[in-house]
Amino acid sequence: MGYTLQLERRLSTNWKQAVFTPILSVLAALAAGAVFLLIEGFDPISVYRELFDASFTSKFGITDTLTIAVPLILTGLAAAVVFRMNLFNIGAEGQLYLGAIFGSWAGLALTDGLPTVAGVGLVLVFAAMGGAVWALPAAVFKAFFGTSEIITTLMLTFIALFLMRYLIFGSSSYWRDPETTNFPQGKRVPTSARFELFGDTRLHWGIVVALGIVMLVWVLIRFTSLGFDMNVVGSSPASAAYAGISTRRTVIVALLLSGALGGLAGGAEVAGRAYALDPNGLELGLGFTGIVVAALARYHPFGIVIVATFIAGLRNGGIALQGLPGERVPVEVSLMLQGAILLCAIGGDIFARNRLRLVRTAPQNVEAAS
Amino acid sequence: MPPSEAAAGSETVRSRPPAIAAVGVTKRFPGVIANADVDFHVDVGEVHTILGENGAGKSTLAAMLCGLYRPDEGTVVRDGSPLRLRSPRDGLAHGIGMVHQHFRLVDRFTVAENIILGDPTQPWLIDPEAVEDEVAAIGERFGLPVDPHARIGDLTVGQRQRVEIVKVLYRGADVLLLDEPTAVLTPPEVEALFVTVRAMVAEGKAVVFISHKLGEVMSVSDRVTVMRNGHVTGEVATANTSQRELAELMVGRSVVLETRRGTTSGEVGLSAAGLVVRDDDQVALDHVDLDVNQGEIVGIAGVAGNGQRRLARALAGIETPAEGTVVIGGVDVTGRGALAARRAGLAFVPEDRLGTGLVPGLSLTDNMLLTRRRAFFVDRKTARADAEQAIVEYEIKAPGTEAEARVLSGGNAQKVLLARELAEVGEPGGPQVVIVSSPTRGLDVGAAEFVRGLLHEARERGAAVLVISEDLDEVRSLADRIAVLYRGRIALEGPADELRLDEIGMAMAGVDPAEVR
């Protein structure tokens with residue numbers, strides 16, 4: 001007689017699992033991180049407390065966290081809208097750069113003298129276009145030739161990265177500020193192209209825009225025919241063909257939408273924080289982190305808001321940890337925790353989808369056999 | 001073919017313990033009891049059929065006998081001693097081998113390579129000649145001619161099945177479990193299989209035959225255990241029973257096994273002319289001409305893989321034919337896509353229910369939306385009401401309208417699909433042409449009867465109905481006219497009442513009926 005552990009597929013997943021699984025995953029990741037902190041000679045409890053305090057307990061901590069959350073919400077959405085249909089646009093990073101390039105161009109060229117709403121609106125529209133333009137080659141090659149979008153979007157990211165650096169560091173482009181020759185910088189956009197700030201904090205109206213876009217994406221996925229088509233194409237291409245839903249069209253539209261969301265993140269960074277095409281201020285891996293955000297949120301728009309805020313808090317706190325007197329906890333701690341959280345989230349997913357059962361193996365009934 | 005000899009043989013060795021037996025086995029899956037306290041035994045030298053509707057628990061029982069599943073309660077007993085099988089490999093080590101309905105062969109490997117694949121008793125350095133000799137010897141002994149060098153990908157379905165059987169025999173199985181082995185075979189191949197089965201029992205092997213086809217069960221088996229809803233409802237010797245009695249045991253009430261014929265208005269609803277579909281240089285459909293009149297059911301018979309799937313797809317607009325035209329309700333829809341075909345009045349039930357007809361990951365409500373016309377916003381309210389209505393009217397066993405389609409059994413999935421596709425057939429603005437692939441495949445007798453009723457009703461409402469099926473009995477019981485598809489061509493066509501069974505069988509096997517006469 002013995003016991004075995006069995007995974008049993010759940011017939012349905014309910015909201016409780018959807019909520020508790022990520023929370024437990026995060027706790028497991030913190031526990032794993034604590035091991036490494038202990039090895040390094042830090043007290044994990046106090047490090048975590050500092051981390052939390054720095055990001056979530058003070059007014060400036062919270063508003064800084066939310067400021068970092070703005071682009072993460074948008075890149076998270078960019079990943080989520082396509083990942084949920086098994087289309088892996090991992091190039092939100094590059095789409096963000098293109099969004100920043102397009103958005104800052106619009107800010108510099110078109111918005112002078114306009115009211116803020118119109119100016120920022122133009123920046124965002126151009127940013128979205130820039131992101132979509134950058135997703136277009138990947139979308140077309142995917143739809144018509146089946147080229148892996150994972151490869152194309154990743155490669156396009158590097159092109160975007162070096163294009164942005166070239167525009168500022170390598171040339172006297174329109175974007176470069178001609179007055180700073182020693183250390184090249186982007187030309188700063190006029191105030192009409194900048195989000196207004198909340199009081200004396202660094203938090204800008206981009207958070208409101210991002211939340212509005214979360215709602216729009218949710219409605220699109222849940223209630224429109226386009227969202228329905230995306231669902232069908234993603235989960236059963238044969239059904240899509242059967243029902244006359246054009247897989248090609250849907251794949252292209254979805255990837256363009258994803259690119260546009262990534263581009264918006266770049267636009268929001270230009271209008272809300274960087275105020276210029278600034279490679280140093282934009283090369284933060286916001287696009288790649290969006291993938292983590294989307295995965296942790298199980299591709300749900302509302303979940304993305306929560307997860308993006310949480311990850312933003314980690315980043316924010318990670319920076320603050322460095323400034324601690326005495327302890328000198330490296331900033332990498334927050335990156336390590338991010339990685340650990342992703343791993344634990346993927347692991348946690350198995351438990352959300354399956355039920356773990358302790359099964360007593362049936363006792364052998366020899367008499368019954370005779 | 002009287003099975004009485006074998007049956008008599010088994011009587012004489014009654015004193016021996018059964019080759020394999022299940023004693024009070026119970027197996028539960030989330031939400032269902034697949035087997036409830038089942039007793040079953042096969043003697044050495046006999047063919048014992050497990051008969052039952054789909055979902056009755058036949059395959060679950062077989063899976064426990066061969067080691068694929070472990071019983072929650074009860075025991076599997078081999079030659080009188082209890083067994084605790086951990087895997088099918090473990091089963092094989094005890095001489096128990098299963099031939100699955102869906103073959104588990106590697107296309108790019110040869111027959112010999114497939115046979116030794118996963119065989120733990122092979123030496124570290126494989127001796128190919130020894131394997132080939134052994135395979136040939138087994139083939140000779142049991143009437144299973146296979147070429148050990150042939151690649152699986154080049155073999156017909158019947159030949160592949162032979163390889164599967166040779167494989168378990170090669171591993172030394174004395175107990176063979178055959179899961180619906182005839183589903184994919186032509187009538188002559190079925191005969192050849194039965195010869196093999198008899199050769200095996202004559203050599204003292206025990207064969208468990210799983211089927212729901214009453215005719216075959218009567219002709220091949222010595223005894224029959226009938227299952228319903230996970231319970232054994234009877235065990236009878238075939239010599240002392242009749243098809244009718246077995247059918248009643250299977251469904252628990254008497255079944256009408258008759259057919260109805262319709263009267264057609266003569267108006268053509270669906271018409272294909274000179275339809276050609278190619279794959280690179282291979283011809284999948286070769287100049288198919290086909291008319292289906294309003295108020296008539298035309299059945300396409302044929303063995304799997306002779307162009308049925310492509311025909312359905314070309315007619316439904318999912319695939320564009322290389323040549324020829326498709327006309328639905330007087331509208332030429334050739335190459336204009338699945339939506340155009342639907343707008344012209346088509347309803348289509350594909351053979352693959354979960355995965356094509358239904359999206360497994362979507363709710364029943366959303367699946368109702370799949371082929372509906374949709375505006376910018378989807379109308380879930382109506383779809384939900386449709387799903388609710390379908391669950392009630394079609395007696396669909398589902399947790400609710402928001403359950404994912406993947407949780408449905410095959411029969412219930414088919415009902416959902418039919419509910420969606422047939423809801424408005426014959427009504428003004430509704431579909432006038434219905435194409436159905438394998439409508440009752442995998443369905444239990446009760447559900448199959450219900451589905452046949454729906455198709456008859458569609459015909460009575462004036463629809464032109466095309467039934468494409470690899471199950472000849474199904475085609476014969478439904479259709480007013482039958483066309484046989486062989487290698488992408490219509491090999492034979494005529495009124496169902498006038499075509500003889502052997503004529504159809506030969507056309508399905510590629511024999512020109514004119515030659516035989």
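The values are calculated or read from the model by the stated rules, or taken from the named source; none is laboratory data. The structure displayed is predicted, hence computed values, not measured ones. Reconstructed Cβ throughout: ideal geometry from the backbone, glycine too, with neighbour counts over all protein chains shown.
Points to keep in mind about this one:
- A:V251 passes every criterion in (1) within 30 Å of A:T65 (Cα to Cα); (2) more than 14 Å from chain B (Cβ to nearest Cβ) apart from (1).
- Qualifying residue in the range A:237-247 (condition: in contact (Cβ under 8 Å) with a residue 60 or more places away in the chain, under 30 Å from B:L354 (Cβ atoms) and β-branched (V, I, T)): yes
- Failed item, numbered, when B:V465 is tested on (1) away from chain A (no Cβ under 14 Å); (2) in a loop (DSSP other than H, G, I, E, B): (2)
- Complete set of residues in the range B:337-354 that are surrounded by 21 or more Cβ atoms within 10 Å (Cβ to Cβ), assigned to a helix (DSSP H, G or I) and aliphatic (A, V, I, L, M): B:A338, B:A341
- Tally, over the range B:84-106, of residues that are within 14 Å of chain A (Cβ to nearest Cβ) and crowded, with 20+ Cβ neighbours inside 10 Å: 1
- Whichever residue in the range B:314-331 is over 20 Å from B:V268 (Cβ atoms) and of a type in the set (V, I, T) and, among such residues, is farthest from the other protein chains (Cβ to nearest Cβ): B:T320
- Checked against (1) crowded, with 23+ Cβ neighbours inside 10 Å; (2) in a helix (DSSP H, G or I), A:N89 passes all but condition (2).
- Some residue of the range B:341-348 being within 7 Å of chain A (Cβ to nearest Cβ) and modelled with pLDDT under 95: yes
- Residue in the range B:457-465 that is without any contact (Cβ under 8 Å) to a residue 60 or more places away in the chain, farther than 22 Å from B:R372 by Cβ and in the same structural domain as B:A383 (by TED's automatic domain parsing) present: no
- Residues that are closer than 25 Å to A:F198 by Cα and among the polar types (S, T, N, Q), drawn from the range A:248-298: A:N280
- Per-region count, the range B:355-371, residues surrounded by fewer than 21 Cβ atoms within 10 Å (Cβ to Cβ) and within 9 Å of chain A (Cβ to nearest Cβ): 3
- Qualifying residue in the range B:39-51 (condition: at pLDDT below 90, touching a strand residue (DSSP E or B) at 6+ places or on another chain (Cβ under 6 Å) and either charged (D, E, K, R) or surrounded by 22 or more Cβ atoms within 10 Å (Cβ to Cβ) (or both)): yes
- Residue under evaluation B:T60, criteria (1) within 14 Å of chain A (Cβ to nearest Cβ); (2) in contact with a Gly (Cβ under 9 Å, 6 or more places away or on another chain); (3) not charged (D, E, K, R), criterion not met: (1)
- Set A:S258, A:S239: member being crowded, with 24+ Cβ neighbours inside 10 Å, among the polar types (S, T, N, Q) and away from chain B (no Cβ under 14 Å): A:S258
- Looking at B:T382, B:T334, just one residue is assigned to a loop (DSSP other than H, G, I, E, B), more than 10 Å from every other protein chain (Cβ to nearest Cβ) and polar (S, T, N, Q), and that residue is B:T334.
- Going through (1) among the small types (G, A, S); (2) facing another protein chain (nearest Cβ under 10 Å); (3) not in a loop (DSSP other than H, G, I, E, B) one by one, B:A375 falls short only on (3).
- Scanning the range A:328-355 for residues that are of a type in the set (K, R) and either in a helix (DSSP H, G or I) or surrounded by 16 or more Cβ atoms within 10 Å (Cβ to Cβ) (or both) yields one hit, A:R353.
- Leading residue by the ranking (surrounded by the fewest Cβ atoms within 10 Å (Cβ to Cβ)) among those in the range B:146-198 that are among the polar types (S, T, N, Q) and touching a residue at least 12 places away in the same chain (Cβ under 8 Å): B:Q159
- The range A:69-86, residues that are of a type in the set (S, T, N, Q) and either over 8 Å from the mean Cα position of the chain (by Cα) or closer than 18 Å to A:V251 by Cα (or both): A:N86
- Listing of helices (runs of 4 or more DSSP H) fully contained in the range A:186-267 that carry 2 or more residues being touching an Asp or Glu at 6+ places or on another chain (Cβ under 9 Å) and small (G, A, S): A:237-243
- Residues of the range B:63-83 classified as within 14 Å of another protein chain (Cβ to nearest Cβ), part of a loop (DSSP other than H, G, I, E, B) and in contact with a Lys or Arg (Cβ under 7 Å, 6 or more places away or on another chain), total: 3
- Counted residues, the range A:334-356 - those being in contact with an Asp or Glu (Cβ under 9 Å, 6 or more places away or on another chain) and either modelled with pLDDT of 75 or more or facing chain B (nearest Cβ under 10 Å) (or both): 1
- A single member of B:F209, B:F142 is modelled with pLDDT of 90 or more and not hydroxyl-bearing (S, T, Y), and it is B:F209.
- Across the range B:385-413, the number of residues qualifying as among the hydrophobic types (A, V, I, L, M, F, W, C), away from every other protein chain (no Cβ under 11 Å) and assigned to a helix (DSSP H, G or I) comes to 6.
- Residues located in the range A:186-212, provided they are surrounded by fewer than 21 Cβ atoms within 10 Å (Cβ to Cβ) and among the aromatic types (F, W, Y): A:F198, A:W205
- So A:L284, is it surrounded by fewer than 19 Cβ atoms within 10 Å (Cβ to Cβ), over 30 Å from A:V133 (Cβ atoms), more than 14 Å from every other protein chain (Cβ to nearest Cβ) and not acidic (D, E): no
- B:V425 in contact (Cβ under 8 Å) with a residue 24 or more places away in the chain, in a loop (DSSP other than H, G, I, E, B), crowded, with 21+ Cβ neighbours inside 10 Å and hydrophobic (A, V, I, L, M, F, W, C): yes
- Checklist (1) of a type in the set (S, T, N, Q); (2) crowded, with 18+ Cβ neighbours inside 10 Å; (3) under 30 Å from B:A304 (Cα atoms) applied to B:N35, failing item: (3)
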